[in-house]
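Asker: Pasting a structure below so you can have a look.
The values are calculated or read from the model by the stated rules, or taken from the named source; none is laboratory data. As the structure is a prediction and not an experimental result, all values here were calculated from the model. Note: ideal-geometry Cβ built from the backbone for every residue, glycine included; neighbour counts use all protein chains shown. Just so you know, the surface numbers come from the protein's heavy atoms only, side chains and all, with ligands and any DNA or RNA stripped out. Shrake-Rupley method; radii C 1.70, N 1.55, O 1.52, S 1.80 Å.
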Amino acid sequence: MNYEELLESRNGSAMQKEETPFGLLHKKMVDGKYVNIIDLREDLLDSLVFSDALTTESEQNKQLKNNHQLHFELALDSAGLYGVKVEQGGFHTFQRLLDDNPAIVAGKDFITNTIKDLLDLTSYLHDQGVFHICYAPNNVLARKNDNMAVLLFHGSSYQAVNDQQALYGDAALPFIAPEVISEGIFDARADIYSIGKFMEYLYQQSEVPIELKGVIKKAIDPDPDKRYQSPEDMKRDITNRQSVRRSVVSLVAALLIAAIGFGVYISMVPEPEDIEFVKPAKETVEDDYLDDGFDATTELGIDGSDSLANRVDEKKLREYQAKAEQIFRKRFTRQAEGILSKIYNDDRMGAAAKNFAAGNQATMEELVRAQKKLGNDAGLKDSRSQLIASQIIEQVTNKLKSQMAEREKQKQEE
């Protein structure tokens, strides 16, 4: 591309006009350099109420000091007021930004930063007694070099205009709180409604994150009393919900780590062996003389009732074994709940992954120690106590997992 083509391309880009509620935004050559101009709509220029309101806002605009607030001055020619000159820089509407590059919403923290910036600016404006009213995508601008959200005109300055629908146009109407149109009520809750509708717009091509669905639903409630009462309230709720989401993600990672650790633990548990309790000496005697018709009970003077006594002893042994296992299950379950609850809780889920992994390893070691001690106390073989312990660990883990999922569900419903 030669120099002339470069200039032609630059000029063509500069002359592109974008529609905003109050007029067309474009760059215009003035005294050899490009300036940002909004050519105001003819019907607005014909309105004395609008012209007076614009003049008043141009003075108030100078007092607003915020990085996300654009400044302007009235643009006049020989015929009078025709538009406004916006401060230097490259700007376009969010509508144009998303039309040209819809994938930008998937960028890291793009939507989060955009909403945070708008809520911070809105909070600042409310402190100054100013309400923006309309966060339509053609009324929210983005700086071209970093896509930072910025605002220009504020609706509360034009409260005297009777027909707000005509002021903003049909395209912006869905983004304005119903009480503004029907009753002319301008307050913080009207801004909350409009920001909620703007959030819906940002997610029009993608799934709304679960933690933000409740935020949007509350923000755009038709009843102003059921919405957030201030930008700070809305921002705080977003932060809390995102924190819960990060905890849930950490929980999933933690459960995966725990599952791997549990798999390793199970792989180290020896297979249980079926042990047959026999009396070798007696069987040897009978085996030696069986072919000769030797009767061990007669020749050795063993009373036939001894076999009954053996069966009784074996029955008692099984009862003792069952009782010992019952005691071990009860005591180990209680200890396992206390040990596993150290890692399956909201605070622990928020820990760094490496810290959680270390805590998980320590927990498994503590469980093994408890299993060995309680198994010995109950008189169980180590292989048997290991098998029972693994079953209890799985049951307790699933129980704690279900409890955390239920708490998360309750928070989402709130």
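Asker: Can you tell me which of G107, G184, G196 is among the small types (G, A, S) and at positive phi?
Answerer: G184
Asker: Can you name the number of the only condition in (1) in contact with a Pro (Cβ under 6 Å, 6 or more places away or on another chain); (2) open to solvent by less than 10 Å² (accessible area, probe 1.4 Å); (3) within 29 Å of L74 (Cβ to Cβ) that L119 fails?
Answerer: Every listed condition holds for L119 apart from (3).
Asker: Scan segment 88-112 and report the pairs whose first residue is under 19 Å from F72 (Cα atoms) and in a loop (DSSP other than H, G, I, E, B) and whose second residue is open to solvent by 60 Å² or more (accessible area, probe 1.4 Å) and of a type in the set (D, E, K, R), with Cβ atoms within less than 8 Å and a gap of 6+ or a chain change.
Answerer: Cβ pairs passing all conditions: G89/R143; G89/K144; G90/R143; G90/K144.
Asker: Scan (1) in a loop (DSSP other than H, G, I, E, B); (2) touching a helix residue (DSSP H, G or I) at 6+ places or on another chain (Cβ under 6 Å); (3) at pLDDT 95 or above for the single condition Q205 breaks and write down its number.
Answerer: So the condition that Q205 fails would be (3).
Asker: A further question on this structure: Pairs only if they're at least six apart or on different chains, beta carbon under 7 angstrom, first in segment 370-392 and open to solvent by 20 Å² or more (accessible area, probe 1.4 Å), second aliphatic (A, V, I, L, M) and not in a helix (DSSP H, G or I); list them, first residue then second.
Answerer: Between residues of segment 370-392 that are open to solvent by 20 Å² or more (accessible area, probe 1.4 Å) and residues that are aliphatic (A, V, I, L, M) and not in a helix (DSSP H, G or I), the close pairs are Q386/V269; L387/V269.
Asker: Something else now. Sort through K197, K217, K235 and tell me the only one that's in contact with a Phe, Trp or Tyr (Cβ under 7 Å, 6 or more places away or on another chain), open to solvent by 30 Å² or more (accessible area, probe 1.4 Å) and modelled with pLDDT of 90 or more.
Answerer: Exactly one of K197, K217, K235 is in contact with a Phe, Trp or Tyr (Cβ under 7 Å, 6 or more places away or on another chain), open to solvent by 30 Å² or more (accessible area, probe 1.4 Å) and modelled with pLDDT of 90 or more, namely K197.
Asker: Further question: Output the residue which, of all residues in segment 304-356 that are open to solvent by 90 Å² or more (accessible area, probe 1.4 Å) and at pLDDT below 65, is nearest to the chain's Cα centre (by Cα).
Answerer: K354
Asker: Among all residue pairs at least 6 apart or on different chains, which show Cβ distances below 8 Å where the first residue, located in segment 394-414, is in contact (Cβ under 8 Å) with a residue 60 or more places away in the chain and under 12 Å from G214 (Cα atoms) and the second is open to solvent by 90 Å² or more (accessible area, probe 1.4 Å) and among the β-branched types (V, I, T)?
Answerer: Pairs found: Q412/I210.
Asker: From G129, G155, grab the single residue that is open to solvent by 30 Å² or more (accessible area, probe 1.4 Å) and either over 28 Å from D46 (Cβ atoms) or touching a residue at least 24 places away in the same chain (Cβ under 8 Å) (or both). Spell out the reasoning first.
Answerer: Working: G155 fails: open to solvent by 30 Å² or more (accessible area, probe 1.4 Å).
Checking each option against the conditions leaves just G129.
Asker: Criterion first (more than 16 Å from H154 (Cβ to Cβ), more than 41 Å from the chain's Cα centre (by Cα) and not charged (D, E, K, R)) does L98 satisfy it?
Answerer: It is false that L98 is more than 16 Å from H154 (Cβ to Cβ), more than 41 Å from the chain's Cα centre (by Cα) and not charged (D, E, K, R).
Asker: Among the residues of segment 23-42, count how many are open to solvent by 40 Å² or more (accessible area, probe 1.4 Å) and either at pLDDT 95 or above or among the small types (G, A, S) (or both).
Answerer: Matching residues across segment 23-42 total 5.
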